[in-house]
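Engineer: Sending over a structure as C-alpha cells; questions will come in a sec.
The values are calculated or read from the model by the stated rules, or taken from the named source; none is laboratory data. Just so we're clear, the structure is a prediction, and the values are computed from it rather than from any experiment. Glycine also receives a Cβ, built like all others from the backbone with ideal geometry; neighbour counts cover every protein chain displayed. Quick note on the areas: whole protein, heavy atoms, side chains included, nothing else; ligands and nucleic acids left out. Shrake-Rupley method; radii C 1.70, N 1.55, O 1.52, S 1.80 Å.
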Amino acid sequence: MKIKSNRIFRKLLFCIMACVLISLPLLGLSNFVMRLAVFVWIYILLATSLNFTSGVAGQVSLGHAAFFGIGAYVSALLSLKLELHFLICLALAAAAAGVSGWLVALPAMRLSGGYLAIVTLGFGQIVYIVLLNWIDLTRGPMGLVGIPSPVLFGIEFRKPQSYYYIALFFCVAVLLLFKNYIGSRAGRNLMAIRDDETAAAAMGVDIYKEKVKAFAISSAIAGIAGSLYAHFMLFIDPSKFVGDESTAILSMVVLGGLGSMKGSIAAALVLTALPELLRGFSRYRMLIYGILLVAMMITKAVDWSRYSWYDRMQQWIQRVVQAINRKKGGWKNGAA
Amino acid sequence: MQFFTQQVVSAIALGSVYALTAIGYSMVFGVLELINFSHASVFMVGAFLYYILTNIAALPGLPAFLLSVLITGFLGVAVEKITLRPLRLNNQPKFASLISTIGTSIILQNIMFLLMGSETLPYQTLFPGQSISLGETRISYMQIVIVAVSTMLLVSLSLFIKKSRAGMAMRATAQNYDAAELMGISVDSVISLTFFIGSAIAAISGIFVCMNYQSVDITIGTSFGLKTFAATVLGGIGNLGGAVLGSLIIAFAEVFTAAYINTSIRDLAAFVVLVIVLLVRPNGLLGKPVQKKV
Amino acid sequence: MKKALSVLLCVVLVVAICAMSGCAQQEESTQQTNDPLYVAMAVPVTGNQAMYGEYFSTAAQIKVDEVNAAGGINGRQIVLEVFDDRGDVAEASNLAQKICDDEKYIAVIGGFASTSVLASAPIYGENGMPQMVPAASHMDITKVSDYTWLQASVADEMRNFFNMVVDGIGSKKIAYIYLNNDSGLSGLELLQGFVEGREDIELVAAESFNEGQVSDFTPLLSKLKQAEPETIMISAQYKDIANILKQAQQMDFGDTTFANLGTCYSDEFLTLAGDAAEGFYVSTLYFADNPDEGVQEFSQLFYEASDGKTANQFASQAYECMSMLVYAFEQGATTREEVQQALLGISEWDGLTCTSKYTDRVPEKEGVPIMVKDGKWALAEY
C-alpha cells in the first residue's frame, strides 16, 4: 500500500481511532474496563481544564481539585435537593466553579512563582475544609448519598456503557473548544504570557485580565468534570477533592507537555490506567508509580542525543521511513 | 486571663515547631526558586532514621541524632542529583521539577511504608513529663528546647549565609544563576550544598517535632508540610527571619481560631491569613520584590 | 516520530487493560462441584489505613483455614482473595465493579472506612453481591443497598458508650471530642439525642478536629477544661487520642475521666500513650482477655496467625463476617443470591466472639467496658 501522503494517512488513522472509541461500549468489554474508560474521559477533561491555566498560560495552580469538588457538590446538591435535570445541574455546576475560579483568580493572578503556587494550594485547602465542615449544606464527612443518574430522552444513564457516551460527548466538546482557543488570538496571548510576560505586556496584552479569564474558564471546565464525576459515582465526599488530586492532575498536564492537547490526553490515559496495571504488585504499587513519575520526568528532560545508541536507533528508523517514502512516492516524499 | 495566656503559650510553642521546618524550606526555596515537595518526606525520613537508630540499632541519643542528620543530608544531595539535576541541566520548565519532587515524595513515603508500616510508633523524647509552670499554664521542657533550637538555627544559618564564602555563593546563585556561573561559582556544588543543609535541617526539625509529640508515622511530613510551606511563603521566600515570623503568625491564627471560634476550622484560618497577607504584600511580609528584567 | 510513539503507547495501554481484565469475561461459573468457593476482600492494603486491612485479612483467613482443614464445605474449599482499595473512594467503586464482573466471586468482605463502603455499595447492590462490612457503621449503608451486612452500628456502639459513661462511671456532665468524620459526627447527633432523653445528664461541650491536622490539641483541651466536664468522651483514631491524653496530662485535668468508643483497644495505643492512659475507659465490642471461651480461642488463633499481635475489635468483626458467610455456605448457598437469602435467614447470630441480634442487616451487640489499669487493659471498674 502506498504511503501516499502524511496528511491523508493521519486523517485515516484518526477516523479509525474515532470509530473505535465511539463503539467501545459495544465491544463487549467488561463493566470494569468501561468504568475505567469513563474515568479516563473525566480525567482527560480535568487535565485539559488545567492545561488552560498551567499549560497554555503558564500559571501554576496546585488547588485545581477544589473546582472539581465545587462542581461535583453543586451538581449533586442541585439534583438531590431541587431535583433539577442533569443538564441544568451540570451547567450550574460549571457556572459555580467558574465564578469561584474567577473570584480566586482576582487576587491570585497578581502573584507569581512560589507565591502563586502556595496561594492556589491554600485555596484548595480552604475549599476542602469548607466542604468538610459546612455540615448543614454538604453533610461534611458523611457525604452525599444516592445522587441520581442522568436521565436523557427517557433513558437512565447508569451503567458505565451508557455513561461512557455522556463523558465522551462533553470531553470531545471541551477538547474542540480547547483546540479553537489555542489557535485563536486569546490563546496566543496566553502563550505569549507564558513565554515572556514582559514582552507580552509590551505588545499590548492585558496580562492580568487574560490570566483571570483563563483561570475562570479552567475552573468552569473542572466544574463540568466534577458534575460528571458526581453523577457517575452516585456518592461523593470531601476526601476526593484534596491536594493529592490536584497534584495528580498537574502531573498529567506536565507529563503531556504544557499546552499540548494530545499530550494531556495521552498523559491522562497513562496516569489513570497506571494504578490499575500495577494492581498485581499491590504493596509496591504506589512506590512503582512514584518511580515511574520521576522516570518519566527525567526521560523527557534528558537530552537523549547525548547517548549515541539512542541517536543511532532514531536515525535508523528515520532512514527506513525515508526509504519507504522515496520508493513509493515521488520527489515530494523524498524530502523527508 | 489564664485561658488567654494558655493560648499564647500554645501559639508560641506551635509557631516554633513550624519555624524549625520553615527555615530550612525557605533556604532551599530561596536559592533554587523550586517548590520542593520532597522536603516534607525528607523531614519524615529523618525522624524515622532517629527512631530506627535508637530503637532498632540501640544507639544512644546523641550519636543517633548526628548520624540521622548526616544521612538525611546526603539523602537530600542524592535526591537532587538523581531527580532534579537532569531537569535543571536541560532547562526544563519549573513545572517539571515540581512534578519530579512530587514523585520523589511518593517514593520516599512508600519506602518508609514498606519498611515501617503505616502505624504510629512511639518516639523517645527528651525530658519526658518535665515542665515549668507560669501560674496555671504549663510549659514543657521540650517546648522550650524547640524554641531554643529554632532560634539557634535562625541565627546560625543567617550568619552562615551572610558571612561565609559558601553562603555568599548561595546568595549569588539565588540572585542570578547564570551570572554566578560566569563568576566562576560552581553552581552544581552550591546547589548540592543547599540541599545538604536543607535536608539536614529537615531531619533536625523532624526529630524535634516527633519528640515534642512523642510519636512518629509516615504522614507527619504531609501534615506539617503544608503549614510550614505556607509559613515560608507568608514570610517571604528566601528570608529566614520571615520564615519564623510567618510560622508565628500562622500558629497564632490557628490557635486563637481554635480557642475562640471553632476548633475544626483552625486550618482554614491559617490559609485565610496567608491569602490576605499575600493580597496586600504579594512577595510575602519580608520578601523583596523581584525586579523583572527584559 | 514522537506522536506515532505516543499513539502506539496509548493503543498498547488500552489493549493491555483489556487483556488483563477482559479475561474476567471468560471465567466459567462455579457449576462443577469440586471448584472452590471464592470470597473477595476489598480493603486497604496500602495507604494510611493499611493496618486495618491487615487485621481484616489475617482474621478472615483464620476462619478460611479452619474450614478448609476440616475438609471444606461439602468437599469444596474456600478461597479468600484480597484486593487493595487504598482507602480511596473511586478506587473502592472501581474495584467493586471489577469483583462483580468476575462470576466466580459469590461474596465480598469490605471496605474499611464508611466512605469506601458507601461508594462501593451501590455497585455490589446492583450486581446482587452480598457485602459483609467489617467495621464501618455509617447509618446510611444499609439504605444504599440491600446487600450490605454490618458488623457494627454506630447507634448501637454509641448507646453502649453512653451507658458506660453515665451508668458505669456515673458522670452527669459530659463533653465530647470527635474526629470530623462520619462516625464522629453521627456520634454527636446520637449523643445529643441520648442526653435529651435523660434530664440529669448535661452535654457541656463538644469540639471537633479534622484529620491530618497538626497534632496540637491544646486550644481544644483548654476550651473543654473551662466547661468543667466530669468525663470527656472521645471518638477518634488511637494516635490522636494518645496525643490528646498526653497533652491533657500536661494541662492538669484533675479528676476528669476520659473515655473512648472502641478504637483505642490495642497494644499500640498503650505504648503511644504511656502513663497518660492510666484510668482511661473504653467501650469495646471485643476484649481479648474476656474470660469467655470463644473469645479466648479467637485471641489465641489470632496471636498465632499474626506473629504475636493481640486481637481487637477489627479482627474479631472480620472473623465474624467470614463465619457468617461460612454459615451461608453450609446452608447450601453456592451463588450470590443464595448467599444473600441464607444470610437473611439469620435473626440472631451466635458467633465465636460475640452475639448479635440482626434487624434489617444491622446488628445489636453488647459492649464490653474496659479500662487501663497499671498500664494494662482490664475489665472496667468504677
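Engineer: Among A:Gly146, A:Gly113, A:Gly101, A:Gly122, which is the only one that is within 25 Å of C:Val117 (Cα to Cα) and either open to solvent by 10 Å² or more (accessible area, probe 1.4 Å) or assigned by TED's automatic domain parsing to the domain that holds A:Ala230 (or both)? So that I can check it myself, show each step before the final result.
Structural biologist: Values: A:Gly113 fails: within 25 Å of C:Val117 (Cα to Cα); A:Gly101 fails: within 25 Å of C:Val117 (Cα to Cα); A:Gly122 fails: within 25 Å of C:Val117 (Cα to Cα).
After applying the criteria, what remains is A:Gly146.
Engineer: Can you find, within segment B:98-142, the residue that is farthest from A:Leu255 (Cα to Cα) among those that are facing chain A (nearest Cβ under 8 Å) and among the small types (Gly, Ala, Ser)?
Structural biologist: B:Ser105
Engineer: Taking the options C:Thr353, C:Thr334, name whichever one is among the polar types (S, T, N, Q), in contact (Cβ under 8 Å) with a residue 12 or more places away in the chain and open to solvent by 20 Å² or more (accessible area, probe 1.4 Å).
Structural biologist: Values: C:Thr353 fails: open to solvent by 20 Å² or more (accessible area, probe 1.4 Å).
Step by step, each of C:Thr353, C:Thr334 is checked, and only C:Thr334 is among the polar types (S, T, N, Q), in contact (Cβ under 8 Å) with a residue 12 or more places away in the chain and open to solvent by 20 Å² or more (accessible area, probe 1.4 Å).
Engineer: Being at negative phi, open to solvent by 10 Å² or more (accessible area, probe 1.4 Å), assigned to a helix (DSSP H, G or I) and not assigned by TED's automatic domain parsing to the domain that holds C:Glu211, is that true of even one residue in segment C:99-113?
Structural biologist: Within segment C:99-113, one or more residues are at negative phi, open to solvent by 10 Å² or more (accessible area, probe 1.4 Å), assigned to a helix (DSSP H, G or I) and not assigned by TED's automatic domain parsing to the domain that holds C:Glu211.
Engineer: When you scan segment A:180-238 for helices (runs of 4 or more DSSP H) that lie fully inside it, which ones turn up with 1 or more residues that are closer than 30 Å to C:Ile123 by Cβ and either out of contact with any helix residue (DSSP H, G or I) (no Cβ under 6 Å at 6 or more places or on another chain) or within 14 Å of chain C (Cβ to nearest Cβ) (or both)? Break it down into steps so the answer makes sense when it comes.
Structural biologist: Details: elements: A:185-195, A:197-202, A:207-233.
Of the helices (runs of 4 or more DSSP H) lying wholly inside segment A:180-238, those with at least 1 residues that are closer than 30 Å to C:Ile123 by Cβ and either out of contact with any helix residue (DSSP H, G or I) (no Cβ under 6 Å at 6 or more places or on another chain) or within 14 Å of chain C (Cβ to nearest Cβ) (or both) span A:207-233.
Engineer: Is it the case that A:Ala95 is at pLDDT 85 or above, surrounded by fewer than 16 Cβ atoms within 10 Å (Cβ to Cβ) and either touching a Gly at 6+ places or on another chain (Cβ under 9 Å) or part of a helix (DSSP H, G or I) (or both)? Break it down into steps so the answer makes sense when it comes.
Structural biologist: Values: at pLDDT 85 or above: yes; surrounded by fewer than 16 Cβ atoms within 10 Å (Cβ to Cβ): yes; either touching a Gly at 6+ places or on another chain (Cβ under 9 Å) or part of a helix (DSSP H, G or I) (or both): yes.
Considered against the rule, which asks whether it is at pLDDT 85 or above, surrounded by fewer than 16 Cβ atoms within 10 Å (Cβ to Cβ) and either touching a Gly at 6+ places or on another chain (Cβ under 9 Å) or part of a helix (DSSP H, G or I) (or both), A:Ala95 comes out as yes.
Engineer: Quick one: in segment A:166-202, which of the residues that are closer than 16 Å to A:Leu228 by Cβ and open to solvent by 80 Å² or more (accessible area, probe 1.4 Å) is modelled with the lowest pLDDT?
Structural biologist: Kept after step one, since they are closer than 16 Å to A:Leu228 by Cβ, are these residues of segment A:166-202: A:166-175, A:177.
This time we only want the ones that are open to solvent by 80 Å² or more (accessible area, probe 1.4 Å), so: A:169, A:177.
Working: A:Phe169: 92, A:Leu177: 87.
My answer is A:Leu177.
Engineer: Continuing with this model, one more query. Could you check how many residues of segment C:37-77 are of a type in the set (A, V, I, L, M, F, W, C) and part of a loop (DSSP other than H, G, I, E, B)? I'd like the intermediate steps shown before the answer.
Structural biologist: We begin by selecting, within segment C:37-77, every residue of a type in the set (A, V, I, L, M, F, W, C); these are C:37, C:39-43, C:45, C:50-51, C:56, C:59-60, C:62, C:64, C:67, C:69-70, C:73.
Those left that are additionally part of a loop (DSSP other than H, G, I, E, B): C:45, C:70.
Summing the residues that are of a type in the set (A, V, I, L, M, F, W, C) and part of a loop (DSSP other than H, G, I, E, B) in segment C:37-77 gives 2.
Engineer: Residues in segment B:55-83 that are at the interface with chain A (Cβ under 9 Å from one of its Cβ atoms) and open to solvent by less than 70 Å² (accessible area, probe 1.4 Å): how many?
Structural biologist: Pass one, segment B:55-83, residues at the interface with chain A (Cβ under 9 Å from one of its Cβ atoms): B:82-83.
Retained after the next criterion (residues that are open to solvent by less than 70 Å² (accessible area, probe 1.4 Å)): B:83.
Number of matching residues: 1.
Engineer: Can you find a residue that is surrounded by fewer than 18 Cβ atoms within 10 Å (Cβ to Cβ), free of Cβ contacts under 8 Å to residues at least 24 places away in the same chain and either assigned by TED's automatic domain parsing to the domain that holds C:Ala90 or touching a Ser or Thr at 6+ places or on another chain (Cβ under 7 Å) (or both) anywhere in segment C:190-201?
Structural biologist: No, the conditions are met nowhere in segment C:190-201.
Engineer: Going through segment A:132-143 one residue at a time, which ones are of a type in the set (A, V, I, L, M, F, W, C) and surrounded by 24 or more Cβ atoms within 10 Å (Cβ to Cβ)?
Structural biologist: Here is the first cut: in segment A:132-143, the ones of a type in the set (A, V, I, L, M, F, W, C) are A:132, A:134-135, A:137, A:142.
The answer is A:Leu132, and nothing else.
Engineer: Please tell me if C:Gln296 is in contact with an Asp or Glu (Cβ under 9 Å, 6 or more places away or on another chain), in a helix (DSSP H, G or I), open to solvent by 60 Å² or more (accessible area, probe 1.4 Å) and on the phi < 0 side of the Ramachandran plot.
Structural biologist: Working: in contact with an Asp or Glu (Cβ under 9 Å, 6 or more places away or on another chain): yes; in a helix (DSSP H, G or I): yes; open to solvent by 60 Å² or more (accessible area, probe 1.4 Å): yes; on the phi < 0 side of the Ramachandran plot: yes.
Considered against the rule, which asks whether it is in contact with an Asp or Glu (Cβ under 9 Å, 6 or more places away or on another chain), in a helix (DSSP H, G or I), open to solvent by 60 Å² or more (accessible area, probe 1.4 Å) and on the phi < 0 side of the Ramachandran plot, C:Gln296 comes out as yes.
Engineer: Report whether or not C:Ala259 is open to solvent by less than 10 Å² (accessible area, probe 1.4 Å), at the interface with chain B (Cβ under 10 Å from one of its Cβ atoms) and under 23 Å from the mean Cα position of the chain (by Cα).
Structural biologist: Values: open to solvent by less than 10 Å² (accessible area, probe 1.4 Å): yes; at the interface with chain B (Cβ under 10 Å from one of its Cβ atoms): no; under 23 Å from the mean Cα position of the chain (by Cα): yes.
For C:Ala259, the condition - open to solvent by less than 10 Å² (accessible area, probe 1.4 Å), at the interface with chain B (Cβ under 10 Å from one of its Cβ atoms) and under 23 Å from the mean Cα position of the chain (by Cα) - is not met.
Engineer: May I ask you to list the residues in segment C:130-155 that are in a loop (DSSP other than H, G, I, E, B), within 21 Å of C:Gly53 (Cβ to Cβ) and within 14 Å of another protein chain (Cβ to nearest Cβ)?
Structural biologist: Initially, segment C:130-155 is screened for residues in a loop (DSSP other than H, G, I, E, B), giving C:130, C:134-140, C:145-147, C:151-153.
Restricting the remaining residues to those that are within 21 Å of C:Gly53 (Cβ to Cβ) gives C:130, C:134-138, C:151-152.
Answer for segment C:130-155, where residues must be in a loop (DSSP other than H, G, I, E, B), within 21 Å of C:Gly53 (Cβ to Cβ) and within 14 Å of another protein chain (Cβ to nearest Cβ): C:Ala136, C:Ser137, C:His138.
Engineer: Which one of the conditions (1) within 14 Å of chain C (Cβ to nearest Cβ); (2) without any contact (Cβ under 8 Å) to a residue 60 or more places away in the chain does B:Leu193 fail to meet, given that it meets all the rest?
Structural biologist: (1)
Engineer: If the Cβ limit is 8 Å and pairs must be 6+ apart or interchain, which residue in segment A:256-282 that is of a type outside the set (Ser, Thr, Tyr) pairs with which residue that is outside any helix (DSSP H, G or I)?
Structural biologist: Listed pairs, sorted by first residue: A:Leu258/A:Gly58; A:Leu258/B:Pro93; A:Gly263/A:Gly257; A:Arg279/C:Phe83; A:Arg279/C:Asp84.
Engineer: Considering only segment B:34-106, give the helices (runs of 4 or more DSSP H) lying wholly within it that have at least 3 residues that are without any contact (Cβ under 8 Å) to a residue 24 or more places away in the chain.
Structural biologist: Numbers: elements: B:38-51, B:61-79, B:85-89.
Result: B:61-79, B:85-89.
Engineer: Hey, another quick one. Considering every residue within segment B:11-31, establish whether at least one is open to solvent by 40 Å² or more (accessible area, probe 1.4 Å), more than 13 Å from chain C (Cβ to nearest Cβ) and either at pLDDT 85 or above or within 28 Å of C:Ala248 (Cα to Cα) (or both). Give the derivation first.
Structural biologist: Of segment B:11-31, the ones open to solvent by 40 Å² or more (accessible area, probe 1.4 Å) are B:12.
Subsequent filtering for residues that are more than 13 Å from chain C (Cβ to nearest Cβ) retains none.
Taking every residue of segment B:11-31 in turn, none turns out to be open to solvent by 40 Å² or more (accessible area, probe 1.4 Å), more than 13 Å from chain C (Cβ to nearest Cβ) and either at pLDDT 85 or above or within 28 Å of C:Ala248 (Cα to Cα) (or both).
Engineer: Please go through (1) over 27 Å from C:Ser145 (Cβ atoms); (2) surrounded by 14 or more Cβ atoms within 10 Å (Cβ to Cβ) for C:Gly308 and return the number of the only condition it doesn't satisfy.
Structural biologist: Of everything listed in (1) over 27 Å from C:Ser145 (Cβ atoms); (2) surrounded by 14 or more Cβ atoms within 10 Å (Cβ to Cβ), C:Gly308 misses just condition (2).
Engineer: Return the residues of segment B:270-279 that are within 16 Å of B:Ser10 (Cα to Cα) and open to solvent by 20 Å² or more (accessible area, probe 1.4 Å); say none if nothing qualifies. Give the steps one after another, and end with the answer.
Structural biologist: First pass over segment B:270-279, keeping only residues within 16 Å of B:Ser10 (Cα to Cα): B:270.
Scanning segment B:270-279 gives no hits.
Engineer: Restricting to segment C:68-82, and then to whatever is touching a residue at least 12 places away in the same chain (Cβ under 8 Å) and open to solvent by 40 Å² or more (accessible area, probe 1.4 Å), can you tell me which residue is nearest to C:Pro36 (Cα to Cα)?
Structural biologist: So, considering only residues that are touching a residue at least 12 places away in the same chain (Cβ under 8 Å) and open to solvent by 40 Å² or more (accessible area, probe 1.4 Å), the one nearest to C:Pro36 (Cα to Cα) is C:Gln77.
Engineer: Starting from segment B:216-239, take each residue that is of a type in the set (D, E, K, R) and list its partners that are open to solvent by less than 10 Å² (accessible area, probe 1.4 Å) and outside any loop (DSSP other than H, G, I, E, B), counting only C-beta distances under 7 angstrom and pairs at least six apart or across chains.
Structural biologist: Correct list of pairs: B:Lys227/B:Tyr18; B:Lys227/B:Ile250; B:Lys227/B:Ala270.
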